[in-house]
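The values are calculated or read from the model by the stated rules, or taken from the named source; none is laboratory data. Computed from a predicted model, the values in this text were never measured in an experiment. Here the Cβ positions follow ideal geometry from the backbone for every residue, glycine too, while neighbour counts run over all protein chains shown. In case anyone asks, the SASA skips ligands and DNA or RNA and just uses the protein heavy atoms, side chains included. Shrake-Rupley method; radii C 1.70, N 1.55, O 1.52, S 1.80 Å.
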Amino acid sequence: MRLAQLSERSGVSAATIKYYLREGLLPPGRQVNATTSEYDEEHLRRLRLVRAMIQVGRIPVATVREVLGHVDDDSLGRTIRVGAALWALPQLPEPDEDDEYVRGAHREADALLDALGWDNAKQLTTISPAYRQLVVALAAFRRLGYDWGAELLVPHAKLMYQAAVADLDFLETRPSEEEKVEAAVASAVLVEPMLQALHRLAQEEESARRYGFE
């Protein structure tokens with residue numbers, strides 16, 4: 001398809017598509033002549049992913065470029081490829097290791113991983129952004145006086161493991177290796193806000209059932 005057709009099918013303006021091409025967010029099209037290129041379904045799929053990352057995920061263009069660089073790096077195995085792409089997504093600020101609440105949060109996070117038997121996650125605690133986010137959130141919660149720790153987090157973590165299994169089951173339905181990694185990124189960007197929304201809806205439902213509307 002030509003640029004105008006790509007724009008029409010994606011709902012993205014031609015000017016924006018040209019900007020994404022210049023920024024390296026989309027691979028170049030096949031050159032037809034000096035002024036015309038052709039694009040295919042892979043361009044359309046990638047364009048939709050880029051739009052989701054920028055519009056829904058609010059991810060800066062430079063970060064999108066970095067994430068997609070890992071997505072396209074076929075020199076890596078799938079686990080490393082997916083991990084590198086996800087780790088490049090925006091994260092919470094780094095924890096202050098001198099903070100007493102952070103030290104306590106580390107202990108609870110480690111106890112949680114032990115209770116769950118998540119040995120692979122335990123091996124990555126020094127480099128995993130997800131582990132650091134858990135520590136930051138736990139420390140902030142405990143600083144407020146809420147004594148959340150491993151015991152209270154276990155049922156939440158088990159639910160998230162079920163969600164992760166569903167994510168990877170979906171990933172396995174994609175036909176190519178590149179699409180599998182793209183699906184992992186899309187899940188991180190889009191499933192997380194859906195899970196957050198479902199959590200809040202569930203809280204609203206349970207609150208109404210327990211306490212009514214008075």
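Considering helices alone, the calculated mean residue ellipticity of the chain at 222 nm is -20500 deg cm²/dmol, with DSSP H runs of length four and up weighted by -39500 (n - 2.57) and normalised per residue. Would you please state the base-10 log of I(q)/I(0) at q = 0.16, 0.20, 0.22 1/Å for segment 1-100, with intensities from the Debye formula using one equal scatterer on every alpha carbon? Per q value, in the given order, log10 I(q)/I(0) is -0.75, -1.03, -1.16. With the largest listed first and rounded to whole Å, the semi-axes of the equivalent ellipsoid of segment 15-62 from the Cα gyration tensor are 22, 11, 7. Annotation: peptides 160-169, 29-38, ranked by per-residue average of other Cβ atoms within 10 Å with the highest first, follow the order 160-169, 29-38. Applying 1/(1 + (r/R0)^6) with R0 = 41 Å to the Cβ-Cβ distance of Leu76 and Arg209, what FRET efficiency is obtained, to the nearest 0.05? Efficiency for this residue pair is about 0.30.
Above 16 Å, the calculated P(r) of segment 57-112 contains 58 percent of its Cα-Cα pairs. Along its first, second and third principal axes, ordered by size, segment 46-149 spans 45, 28, 22 Å in Cα coordinates.
The lysines whose alpha-carbon is closer than 30 Å to the alpha-carbon of Lys122, local same-chain residues fewer than 8 away aside, are Lys158, Lys180.
With 0.36 nm allotted per residue and the present C-alpha distance subtracted, the Phe170-Arg143 stretch has 6.0 nm of extension available. Express in whole angstrom the spacing between the alpha-carbon centres of segment 14-76 and segment 141-214. Centre-to-centre distance over Cα atoms comes out at 28 Å. Using the Stokes-Einstein relation with a Kirkwood hydrodynamic radius computed over Cα pairs, the translational diffusion coefficient of the chain at 20 °C and a viscosity of 1.002 mPa s comes to 108 µm²/s. Annotation: extensible slack from Glu38 through Ser128 equals 28.4 nm (criterion: 0.36 nm per residue apart, minus Cα-Cα distance). Accessible surface computed residue by residue for segment 1-136, with neighbouring protein chains in place and a 1.4 Å probe, gives 58 Å² per residue. Using only side-chain charges placed at the Cβ, +1 for Lys and Arg and -1 for Asp and Glu, the dipole size of the chain relative to its Cα centre rounds to 720 debye. The heavy atoms of Glu100 present about 120 square angstrom of accessible area, all protein chains included, probe 1.4 Å. As a fraction of the 1.4 Å probe accessible area of the chain, surface on carbon and sulfur atoms comes out at 54 percent. Note that segment 17-26 has calculated 3J(HN,Hα) couplings of 4, 4, 5, 4, 5, 5, 7, x, 7, 10 Hz, one per residue in order, obtained from phi through the Karplus relation 6.51 cos²θ - 1.76 cosθ + 1.60 (θ = phi - 60°); glycine and proline are x.
With the cut-off at 19 Å, report for segment 153-214 the share of all Cα pairs above it, as a whole percent. Of all Cα-Cα distances in segment 153-214, 47 percent exceed 19 Å.
When the alpha carbon gyration tensor of segment 92-214 is reduced to an equivalent ellipsoid, the three semi-axes, largest first, read 26, 23, 13 Å.
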